[in-house]
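The structure appears below as structure tokens.
Bear in mind that the values in this text are calculations on the coordinates, not laboratory data. Not measured: the values here are computed from a predicted model. Please note: Cβ atoms are built from the backbone with ideal geometry, for glycine as well, and neighbour counts cover all protein chains shown.
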Amino acid sequence: MKNAVGREIPDFLLKDGREVYQGKNYMDGKYIQKASPRTRRYEKPQESKIVETLADALRQCGAKSGMTFSFHHHLRDGDYVVNMVMKAAIEELGLDELTIAASSLGNAHDPIADYIEQGKVVGIQTSGIRGRMGEVVSAGKLRTPAVIRSHGGRPRAIEGGEVHIDIAFIAAPTSDCVGNCRGIGGKSNCGSMGYAMTDAKYADHVVVVTDCLVDFPNMPASVEAIDVDAVVVVDSIGNPKKIASAAARISQNPRDLMMAEDVARVIAATPYFKEGFSFQTGVGGPSLAANLFLEKYMDERNIKMGWAIGGICGPMVELLKKGKVGKVIDVQDFDLDAVNSINQTPNHFEMSASQYANPANKGAFVNKLDFVVLAALEIDTGFNVNVLTGSDGVLRGAPGGHPDTAAGAKCCIIVTPLIRGRMATVCEHVVTVTTPGDCVDVLVTDYGIAVNPLRGDLIECLDKAGIKHVPIEELKEKAYSLVGRPDDLQWEDKVVAVLEARDGTILDVVRKIKPYTLEQE
Amino acid sequence: MEIKKPAIAGTLESSDAQVAVEPAEDGIELYLESSVMNQYGRQIKATVLETLERLGVENARVTVVDKGALDCTIKARVECAVFRSCDASAANIPWGGVVR
């Protein structure tokens, strides 16, 4: 069945009331039945929940084959915990048929590809999938299609019982002996622990894995001891160098800066750019650099930003410290400046992924956003964005908060160079739709700006401000005139990943890629 | 032109292509690797073969390792490799003639 972004969704996926994507806000006003977690009672006072090894913790939580284990990705590419836990479960306890439900997975988790090939891991639910894991899943080696969700879609699915977590693993930079966890104060700090919060509340069992045990009570706790079954102390939960970069530097690349300047000009031309406006930006080159130029316009008009959300990094903390933004609310931290600021700098707060972006609660932060500035691997003439699959059709990205913030914000700006190497970023049809075009308002490239025709109001604003813009088709043709028109990718029928829209409908599927031959068929 | 000895042109940098030509006896043997194979493999092959034909190269083993180069780059790298293989790359290059 074809969905609202023109993608053919196979019927076998449309069972148990699962629908295809119908457009933005389709689920508005409907009811969701939340799952009620089943958790174990620890009525008898325990002095400590520390157990010797991960294997012991798994046994204590009744780990068996066929279970779903959850993880969060605040340790990013430095994470050791996913591999450590899966190794203990598979190699020490001999479990198989396991499903990993993670907020994201990355290159740090290459060893999991082996477990997929061996059939020990049979299900993956995640936002991001990259590296060898992306390759083996794209090659059709995972038994069930991977399920890809946005950062807001994930807590919706957990709260609604679509994902039942048997054991949640919390990678905790610090914990006390009963499992109060924080993202700071240890040796592998990550700052916010926002993605782990829903897991801890909805899982049957919760195991904290830490490399820095601190005195009780570890307060204020991101994950609370009342939800924790066991605490395991290991040598190291991650490589600090890869958890948070030293400092996210603002790009010096003139092309990035030119695009960033255009982004700021567009923002300043809209009616939402006024005292107390709200803002989120990605950490890519031009997105982050937009901060710099925006500050100039804020000074010029003598206005301040009310609040900012997101994955946070240094430049935003800097604005907070200068008093140019009122509050920063944070689901994840990307650099040490942000890690060291959360809950330390006044008005820098932590939030859960549900509070950040869940479309099925009564109003997440993204719903109040004025502006979001995002990147894209590809954007097509319907303004649909792909941030998941490479130009070869292989899984190597993550929707993350992209679809959530795009849907929530009053003005969603995509900023990307027109071509990357020989790849046309602006194209006829994206490989995979990860953010539907009805949520994307403005495209800024190094060859020009395009506004979604759905946003006549923004077109008027840009015209009034004298900002030149062109139909997106012109940008596409410009790109193809530089790099040539690409061949269509060739797919097999087998579905290797299902891309859920943030509301739980099906936005797209990723199929197994056919081996390429140089001969014309 | 006749490929007289092995020659190479280009780099493995992003957006470049490295082209190596070697003598062969029985037509053109093309080995192609590309970071954009699935979308541009056939176009790259066509560009390489056209360029060789224009230069009058009938027998060669050609290895192209492409890192997302544009067509103009691929042409230039093929031309350069062929001229180097004939020791004809130092002077009197037919700009605007067979090289265009």
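What to note about this one:
- Rounded to whole numbers, the Karplus 3J(HN,Hα) couplings from phi for the range A:121-135 are 9, 10, x, 10, 10, 6, 8, x, 8, 9, x, 5, 5, x, 5 Hz, using 6.51 cos²θ - 1.76 cosθ + 1.60 with θ = phi - 60°, and x at Gly and Pro.
- Selection of trypsin sites (Lys or Arg not before Pro), the range A:260-346, meeting DSSP coil and at most 11 other Cβ within 10 Å: A:K274, A:K322
- Put the Cα centre of the range A:118-132 next to the Cα centre of the range A:261-314 and the gap is 36 Å.
- At R0 = 45 Å, FRET efficiency that the Cβ-Cβ distance of B:R42 and A:I459 yields, to 0.05: 0.70
- Overall Cα dimensions of the range B:1-79, principal axis frame, Å, largest first: 30, 21, 18
- Cleavage-rule hits, GluC sites (Glu not before Pro), the range B:40-100, DSSP coil, Cβ neighbours within 10 Å at most 16: B:E58
- Partners for A:K242 among lysines (Cα-Cα distance below 26 Å; same-chain residues under 8 apart left out): A:K87, A:K187, A:K321
- Taking the charge dipole of the range A:394-521 about its Cα centre, with +1 at Lys and Arg Cβ atoms and -1 at Asp and Glu Cβ atoms, the residue from A:P471, A:V483, A:A407 reaching farthest to the positive side is A:V483.
- Local electrostatic count, B:E58, Cβ distance below 15 Å [Lys/Arg +1, Asp/Glu -1]: -4
- This ranking places A:K49, A:K30, A:K141 by how few other beta-carbon atoms lie within 10 Å of each, fewest first, which gives A:K30, A:K141, A:K49.
- What you get for the range A:49-243, charging only the Cβ of Lys and Arg (+1) and of Asp and Glu (-1), is a dipole of about 580 debye around the Cα centre.
- Here the protein assembly as shown is assigned +1 on the Cβ of each Lys and Arg and -1 on the Cβ of each Asp and Glu. Its dipole about the Cα centre then comes out at about 1120 debye.
- Helix B:71-85 and the longest principal axis of the C-alpha atoms of chain B enclose an angle of approximately 40°.
- The alpha carbon centroids of the range A:416-488 and the range B:15-85 are separated by 32 Å.
- Distance histogram for the range A:336-486 (every C-alpha pair counted, 5 angstrom bins, percent rounded to whole numbers): 2, 10, 16, 19, 18, 14, 10, 8, 3, 1, 0
- Net charge of neighbours whose Cβ lies under 9 Å from the Cβ of A:S236, counting Lys and Arg as +1 and Asp and Glu as -1: -1
- Among beta bridges that DSSP assigns inside the range B:7-85, antiparallel share in %, nearest 5: 55
- Cα-based convex hull volume of chain A per residue, rounded to whole Å³: 142
- Sorted ascending by nearby beta carbons within 10 Å, beginning with the fewest, A:D211, A:D330 become A:D211, A:D330.
- As a rough footprinting exposure proxy, the listed residues A:C412, A:C427 were ranked by other beta carbons within 10 Å of their own, and the order from fewest upward is A:C427, A:C412.
- Local charge for A:F273 was computed over the other residues whose Cβ lies under 12 Å away, with Lys and Arg +1 and Asp and Glu -1, and equals +2.
- Counting only DSSP beta bridges with both residues in the protein assembly as shown, the antiparallel share comes to about 35 percent.
- Of the trypsin sites (Lys or Arg not before Pro) in the range A:148-251, the ones in a loop by DSSP (not H, G, I, E or B) with at most 14 other beta carbons within 10 Å are A:K187, A:R249.
- The range A:500-521 versus the range A:50-107: alpha-carbon centroid distance in Å: 29
- Rounded if a/c under 1.5, otherwise prolate or oblate - the range A:419-495, Cα gyration tensor axes: oblate
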